[in-house]
Amino acid sequence: MSAPATAAAAQAAPSPAPEPIIEDLEHDPYLNLENTIIVDNLPNVDREKAEKFRMLLCKIFKNAIPGGIYLYFGENNATKSHAFITFRNPKDASDAVKLGQGYKIDKTHQIILNPFTDFRAYGDVPEVYEAPQQLPYVPKAPLWSHLFDPRGRDQYMIRFNDQFEAQWWDPVQLAQTAVTTKFEGALGGIWSPWGRFYATFHRQGVQLWGGADMGRVSRFLHPMVSMAVFSPCEKYLLTFCEILRDPQSRDKEAVTIITELETGKQLPGEPRPEGPRSNKSAMFLLLGGCAALHKGRPWVALQGSLVTHPGMGWTINMQTTPLRWSHDDKYLARVDSQAQTLHVYDVPAMNERVAKMDNLMEVTWSPSQNLMALWFCRKAEKPAVVKIVDPRDLSVLATKNIFDATKITLYWHEQGDYLCAQCDLQGKKAQAGTSLEIFRMRVRNLPCNSLVLPDRVTSVAWEPRGHHLAVVHGANTVRPDVAIYEVNGDRVLLKDSLLRRQVSCVSWSPMGEFMVLYLKGTGSLEFYSTKEHTVANQTHQFSTEAVWDPSGRFVASSVISTRESLDQGFQIYSYRGDLLHASARPRFALFQWRPRPPCLLSPEQQEAIRAAPHVKKFEEEDAAYRKGMADSKIARRTNMRTSFEAWRQSRAEAVRRLADFLAALPGGAPTGGDCEMEEEEVEELETTETVLGLVNEKGEDEVEAPAPDAEAPAASPSPSPAPEGQAASKAPAKEYTTSFPDDAD
């Protein structure tokens, strides 16, 4: 190739990228110590790949200013393990440190971020050590303070007008306010299973409140949380949020986090694939046991890969495949309907056991022992199946096949004595009825009894601390029937049948024997006893729920609505249906009884305490309180009458002087002695009467109008009806206004 051609080719070839000029930090015009961070533990990159590595850092820290990434080279012509990055403002720098801490550049390098201002603080360390000042000890709020109430009262939480209020309930002294607070920014709240905490949901996460003044106990960051579930023993808190992956996409990703309440640490999450981060990704990292949020999205899912941090959380959607707690917080279980697998986890190590189970639909735990109930849907020629499984080795303890079942709903007895499987049967053309499969869990080999009802079952409820089962069924959904069964040994007997009741739900008392049959939205309440049958009927218009207090002595119905109306509020009844208290609150949105912790005494010890003579002390206190209230009411009325008589006597002299003055006036009537003035109120009523034109005797449409100067009569008689065969007059109606005293003689 000739020299001119070589020169032309060299001129046409693109010139190499200029070497980036790294200026001294002290003379950089963009530099602000609060805007700069230091990145450590970077990989060593050759000079030829330095520009490509710089572009990678630009994608990770996209808020850095142009030319704000400073790399340094060592003696081996490779970059050093640290760099300086400058941002536009201190907030971007602080967010980069929080959200990018621990980011993995590759498999062996995990970056460490520090603000540049920290080094100034390290340089200002005094030469002489000064011991830090010891802060005074601040005791935590006693979380069981509500249990030390001298009268043993229960509490409930209500919400109205965007504020929360905890009230004491006493059947004698009625409702008394304990604490009123707003829980700023709270979207909702729930009690923990033992009543120690009250958890409120916020856009940033969950806060726990407790103590006598409902002070904040702790908080857990989980942005856009939509659900919170306590473990049965209050050791862990499970939070769940559901966020759109892409605003223009309907696909959703969910994140579930399990936190230990005492330490604030999160349990290890499920293993998930890691993928490269993109500048469109949202970071969701753990910082000190909490979750952090970047750009409003606490979850990352791009191109089929999930960007996660070890031990972060779960991609489980609690609305479709929820995690289920065992009664003692030792196990978690869930069903993966897509993979047709059962997952059982040991808590807190989160060791996983997986079993392949085709057609598995749901898993539930026994309330009193570590046993799982599973049901499988029918497929082709295989019938639906209900199985009792041991979680330790996933062995099957009992199996029941149900033919022609389209759906199965499992109901556990509160003490775990029984399990009822409601099986909706399907015939060739229509529903063939319902089958109830009752497992006796305290008997060897777990025997099962079957009940077949010819119609549809809408609700099933077990009696706590008893052996009765309430079943709402019937072809008429407006007025169904209620059947009360009793499990007696190896038989299931029908004890009572309530026909054509206005009922959609059944709520048993926690102590058993009594229950409430209510219809949501209409307010019909029927109080029933297994010994006395129907006790009372009440009506609370538009009530949406009926809940029992932990003692089983009172039940509350409430009208909850987002719109303001006159019917919003709650009413409290006794277990026999007597109305004790009614309260109307504007914008009423919540009523929740505060749960009690499980009793540490045996049933025999509890019965002995109830039969002890000292129980009469409480009855005497109630009688004394009622007598005191009556005496105070009488004393208040007596004081009011005495003060009025004293005022009347003090004004007697003024009345006498006024009477003498009136008597001295011309034409005044003399009065002798003490005089008393009597006041008589005469109320004038203004009435408007319409006189209709009537046909006169001659058949003409003529009506005599009153003279212009004539006065209106004291009382205008009502017009008589027109005779038969005569039409009413078409003359325009005229109105007359009459004023007269109400008590005129």
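No value in this document is a laboratory result; all are computed from the given coordinates. These numbers come from a predicted model, not from an experiment. Ideal geometry is used to build each Cβ from the backbone, glycine not excepted, and the neighbour counts take in all protein chains shown.
Protection proxy ranking, highest mean first, for peptides 459-471, 52-64, 598-610: 459-471, 52-64, 598-610, where packing is the per-residue count of other beta-carbon atoms within 10 Å, averaged. Rounded to the nearest 0.05, the FRET efficiency derived from the C-beta distance between Lys617 and Asp660 at R0 = 51 Å is 0.20. Its residues counted as N, the range 573-631 yields a C-alpha radius of gyration over 2.2 N^0.38 Å of 1.66. State the Cα centre-to-centre distance between the range 571-615 and the range 445-476 in whole Å. Here the answer is 27 Å between Cα centres.
Straight-distance candidates among the lysines for linking to Lys107, with alpha-carbon spacing under 19 Å and chain neighbours fewer than 8 residues away dropped: Lys49, Lys52, Lys59, Lys80.
Given their separation in residues at 0.36 nm each and the Cα-Cα distance between them, Cys58 and Val535 gain 164.2 nm when the chain is fully extended.
In this structure, Arg500 and Thr180 have a Cβ-Cβ separation that, at R0 = 45 Å, corresponds to a calculated FRET efficiency of about 0.50.
Any idea what % of Cα-Cα pairs in the range 322-416 are farther than 17 Å? In whole percent, the long-distance tail amounts to 48.
Cα extents for the range 383-460 along the principal axes, largest to smallest and rounded to whole angstrom: 42, 24, 16. For the range 460-555, the direction-averaged projected area of the alpha-carbon convex hull comes to 6.0 nm². Take every Cα-Cα distance within the range 478-524, group them into 5 Å bins from 0 onward, and report for each bin the whole-number percent of pairs it holds. Histogram of Cα-Cα distances, whole percents per bin: 5, 18, 23, 23, 17, 9, 3, 1. Projected label points at Ala608 and Ala630, each 7 Å from Cα along the beta carbon direction, are separated by 3.8 nanometres. By the rule of a C-alpha distance below 24 Å, with chain neighbours fewer than 8 residues away ignored, the lysines paired with Lys265 are Lys98, Lys104, Lys140, Lys235, Lys330. Reported to the nearest whole Å, the Cα centre-to-centre distance from the range 71-109 to the range 636-666 is 93. For the range 403-503, the percent of C-alpha pairs falling in each 10 Å distance bin, counted from 0 to the bin holding the largest distance, reads 15, 48, 31, 6, 0. Here the Kirkwood formula, the inverse mean of 1/r across different C-alpha pairs, assigns the range 44-173 a hydrodynamic radius of 21.0 Å. Annotation for Gln431 and Val547: the two label points, set 7 Å from Cα along the Cα-Cβ direction, are 2.9 nm apart.
In a fully extended conformation the segment linking Lys356 and Leu601 would gain 84.0 nm over its present Cα-Cα distance, using 0.36 nm per residue.
Extension gain for Phe644 to Lys379 (0.36 nm times residue separation, less C-alpha to C-alpha distance): 86.8 nm. Shown is the FRET efficiency for Ala582 and Gln415, computed with R0 = 25 Å from the Cβ-Cβ distance and rounded to the nearest 0.05: 0.15. Approximating the spin labels as points 7 Å out from Cα along Cα→Cβ, the Arg153-to-Ser561 distance works out to 3.0 nm.
How about the range 96-133: which chymotrypsin sites (Phe, Trp or Tyr not before Pro) there lie in a loop by DSSP and see at most 10 other Cβ atoms within 10 Å? In loop regions of the range 96-133 (DSSP not H, G, I, E or B), the sparsely surrounded chymotrypsin sites (Phe, Trp or Tyr not before Pro) are Tyr129.
Taking Lys and Arg as +1 and Asp and Glu as -1, the other residues whose beta-carbon sits under 13 Å from that of Gly188 total +1.
Of the peptides 581-588, 430-437, the order by per-residue mean of other Cβ atoms within 10 Å, starting with the highest, comes out as 430-437, 581-588.
Ranked by the mean number of other Cβ atoms within 10 Å per residue, highest first, peptides 538-545, 549-556 order as 549-556, 538-545.
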